Amino acid sequence: MNQDVGPTALRSSPVPVRGRIGQLRDRASGRHSPLRRLDWTLQLCVVALSGVGALLVWSATRQRLGEAGADPQTFLKRHLLNLVIGLLLGAVATVVDYRVIRAYAPFVYLGSLVGLVAVLVLGSTINGAHSWIVLPAGFQLQPSEFAKVALVVGAAMILGEKHEDRHTGIQHSAPGHADVLLVLGLTIVPIGLIMLQPDFGTVMVLVFTVLGMLAVSGAPRRWVLGLVLCGVLFGTAILQFHLLASYQEARLTSFVSENKAASGTGYNVNQAMIAIANGGIFGRGLLHGQQTQGQFVPEQQTDFVFSVAGEELGYLGAAGIVVLLGVVLWRALSIGFGSQDSFGALIATGVVCWFTFQSFVNIGMCLGIMPVTGLPLPFLSYGGSSMFANMIAVGLLQNVRLRSRSDPYAM
């Protein structure tokens with residue numbers, strides 16, 4: 001007769017096996033499917049912003065294309081194609097474990113440098129910047145957009161490394177002086193290549209992103225404060241000693257000019273402000289903006305797409321876009337807080353800093369409170385490279401989310 005009927009026998013029974021089978025059954029039924037672990041609030045906001053952006057790009061370009069005898073839907077079709085490709089790239093960035101991406105971070109970084117060198121050799125000059133590689137069928141590639149992704153991943157790899165204290169033997173994640181110097185070296189190289197194009201707007205995005213990652217990583221405060229001071233002094237020196245091209249310097253200073261309308265560099269900002277003011281609370285309706293349809297705002301499908309939203313969707317529509325961008329940033333912060341390691345948290349931090357700075361500057365220049373830097377509005381502005389980089393960044397956020405410490409199946 002079997003006497004093993006007590007608690008010991010229960011503990012030695014194959015309950016864990018049945019529990020594991022139950023877990024597998026749950027997975028098969030979709031209860032714990034990876035799709036359920038995605039941050040759907042983040043994803044839906046990104047898709048909503050991209051959809052609104054497609055409508056705005058269509059409205060901003062159809063009139064001009066029609067008058068030229070071209071297909072009025074050309075930019076809309078390209079924008080939707082860019083969106084589909086971007087979503088596919090984001091899906092790849094989601095599926096590949098970000099810890100595997102961490103192992104290949106040096107190759108990602110070197111690949112971005114190859115692209116930045118290639119554009120200097122093979123690229124074309126558009127709007128004063130030698131930043132694009134022209135592809136067949138009218139498409140263009142901007143390697144500096146992918147440098148943002150590469151720098152976020154590379155800096156997160158270095159700053160997220162665990163170090164062992166020589167005296168106590170305790171491991172900690174706070175970067176030391178050598179790590180900060182390595183990150184600065186990592187940042188200076190792409191910044192130097194991008195300044196040769198020159199693209200001062202992207203340089204500012206990279207600087208702000210790295211500063212934010214250093215601050216959150218626990219790097220020594222004197223480094224962060226010192227870098228901020230150096231940035232202020234460097235910016236002052238650039239304007240004082242006229243180190244930028246004349247058109248770039250005019251862009252940076254025109255937004256403080258008292259006579260924007262008379263200034264050639266202030267014309268874009270002035271027209272964008274008129275368009276937004278024309279929209280009122282409820283807007284003039286999609287495809288019915290006087291400034292937009294009259295093509296008074298240059299580059300209104302890219303740099304100044306927010307002015308199209310302000311005129312045709314009104315203050316409420318423009319505010320809705322800001323709210324959606326805010327939700328994206330909030331969810332990215334939440335993913336960073338839930339990350340199981342410093343690398344994931346720093347990736348989320350870098351993406352938040354990147355999107356925050358770029359959104360603030362783009363909207364600010366349409367409102368006349370920031371200089372014109374040529375930075376696109378994330379998910380809304382027309383541009384394949386920008387869309388691809390943004391979607392890859394969202395994919396990395398979802399990647400961290402899937403493997404956060406709240407995930408019962410995180411390895």
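Kindly identify the stretch 321-381 as rounded, prolate or oblate by the Cα gyration tensor criterion: order the square roots of the eigenvalues as a ≥ b ≥ c, call it rounded if a/c is under 1.5, otherwise compare a/b with b/c, prolate if a/b is larger, else oblate. The shape class here is prolate.
Put the Cα centre of the stretch 316-356 next to the Cα centre of the stretch 372-403 and the gap is 11 Å.
Overall, the accessible surface of the stretch 101-140 at a probe of 1.4 angstrom is composed of carbon and sulfur to the extent of 74 percent. Fully extending the segment from residue 63 to residue 100 would add 8.6 nm, taking 0.36 nm per residue of separation and subtracting the current Cα-Cα distance.
Please report the carbon-and-sulfur percent of the accessible area for the stretch 336-377; probe 1.4 Å, protein heavy atoms only, DNA, RNA and ligands left out. Of the solvent-accessible surface of the stretch 336-377, carbon and sulfur hold 78 percent. For the pair residue 232 and residue 288 in one chain, pulling the backbone fully straight at 0.36 nm per residue adds 15.9 nm over the alpha carbon distance.
The values are calculated or read from the model by the stated rules, or taken from the named source; none is laboratory data. Note that the structure is predicted; figures quoted are calculated from it, not measured. Side chains included, ligands, DNA and RNA excluded: accessible areas come from the protein's heavy atoms. Shrake-Rupley method; radii C 1.70, N 1.55, O 1.52, S 1.80 Å.
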